[in-house]
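The values are calculated or read from the model by the stated rules, or taken from the named source; none is laboratory data. Treat the numbers as computed from the prediction; the structure is a model and nothing was measured. Note that each Cβ is placed from the backbone with ideal geometry, even for glycine, and that neighbours are counted across all protein chains shown. The protein model used for the area step is the full one, side chains on, heavy atoms only, and it has no ligands, DNA or RNA in it. Shrake-Rupley method; radii C 1.70, N 1.55, O 1.52, S 1.80 Å.
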Amino acid sequence: MEPALSARALAALALALAPAVVHARPASAGPDRAATQALVKQCGDTEDFSAPAPPARLYGNTFYVGTCTVSVLLVTSPQGHVLVDSATDQAVPAILANIRALGFRPEDIRWIVSSHEHFDHVGGLAALQKATGARVALSAPAARIAQTGAPDPADSQFGVLKDHPFAPVKTDRIVTPGSVIRVGPVRLVMSATPGHTTGSTSWSWQSCADKRCRTVSYVDSISALAAPPYRFTDHPEVVARFRRTFAAIAARRCGILVTPHPSVSNLFERMQGQEPLAPQDACRAYAAKGRKGLDAQLAKETAK
């Protein structure tokens, strides 16, 4: 009988037998200014959710690979990668092309996580899951919607969303506040930020370069949008949920804030150096913006 291998030997053997993972670009500290300028130039003033945009480094091992108006982030490691959000189904070919243009293989993506269950953020999820073989992690409310692809009738934007179903998606893991998605040294931590949808989810992680690590916070949408006949004044529980989320976000230290729609947090301006990349009050200002929008919507409904 052969002697048992030690735990260290087993780990070494597993690493030797594991498929190679491409990690082509060494991490540099700051955003790729030239790439961001190219991104802005190509996008112009488009409002198209699927408009393709070239990729750009955000910080260290975190890259922007989304569209002109919808954020998708790639967080990389030598052991595999994580994709944050998936934009629309029409955007998937450009997202995959962006990942390859950066020198990474889509097949090395191990997990896909999401912000909320609207077609402009999960519409491409099924196609990306198929193209990469990655597992999908969603909150329980988002998973219930994703498994059918049919928008939630209780959603404040259902009047618009009902015309935008998306391909159903199998969820591999249900995440709850504090859940961690791990790939190699990458650790993405989930927090629930309900309001914009019931399943709204935010993520934070450390992105490192040149021996310096910074927090990246992908904080979900907090806009109070209502498609007629929905009225927030008829749903005090939803208003209360929003206010709890505003308070929780305001108390966070965001580091580098990214939102599902980059324009909402001036992401491209910050990546170009026109504004601080990580202002200290980023989360507090973002929460205040959401609170102001909700109050304006409530006042508008009351006036009517």
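Here are the numbers for this structure:
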read-out	value
CD proxy at 222 nm, helix term only [per DSSP H run n ≥ 4: -39500 (n - 2.57); per residue of the chain; nearest 500]	-9500 deg cm²/dmol
Label-to-label distance, nm, for residues given as R33 and Q147 (7 Å Cα→Cβ offset)	5.0
Label point distance in nm, D163-D45, each placed 7 Å from Cα along Cα→Cβ	2.3
Dipole of segment 208-304, positive end: most advanced residue of P229, H261, A251 [Cβ charges, Cα centre]	A251
Summed side-chain charge close to G123 - residues other than G123 whose Cβ falls under 11 Å, Lys, Arg +1, Asp, Glu -1	-4
Bridge type composition, the chain - antiparallel percent by DSSP, nearest 5	65
Crossing angle, helix 33-43 versus the chain [Cα axis fit, 0-90 degrees, rounded to tens]	50
Rounded percent of accessible protein surface that carbon and sulfur make up, segment 33-303, 1.4 Å probe	54
Per DSSP, loop GluC sites (Glu not before Pro) in segment 25-127 with at most 13 further Cβ within 10 Å	E47
For segment 204-220, Karplus couplings with θ = phi - 60° (6.51, -1.76, 1.60), whole Hz, Gly/Pro x	9, 7, 9, 10, 10, 7, 6, 6, 10, 10, 10, 6, 10, 10, 9, 9, 5
Distance between modelled label sites at H235 and D281, nm, 7 Å Cα→Cβ extension	3.1
Cβ-based net charge around A226, under 13 Å, with every Lys or Arg adding one and every Asp or Glu removing one	0
Charge sum, other residues only, whose C-beta stays under 12 Å from R110's C-beta, Lys/Arg counted +1 and Asp/Glu -1	+1
Residue (of L96, V169, S77) at the positive-pole extreme of the chain, dipole from beta-carbon charges	S77
Structure-derived percent of Cα pairs over 38 Å apart - corresponding label in (i) 13; (ii) 17; (iii) 23	(i)
Counting all C-alpha pairs of segment 157-287, share separated by more than 23 Å (%)	43
Net length gained if the chain between E301 and R253 were fully extended (0.36 nm per residue, minus Cα distance)	14.0 nm
Net length gained if the chain between K289 and R182 were fully extended (0.36 nm per residue, minus Cα distance)	35.3 nm
Gaussian network model of the chain, springs between alpha carbon atoms under 10 Å - residue of H164, H121, H261 with greatest fluctuation	H164
The chain, accessible area per residue, ligands and nucleic acids excluded (1.4 Å, Å²)	46
Dipole in debye (nearest 20) - the chain, about Cα centre, beta carbon charges: Lys, Arg +1; Asp, Glu -1	860
Nearest-ten-degree value, helix 92-101 long axis tilted from longest Cα axis of the chain	40
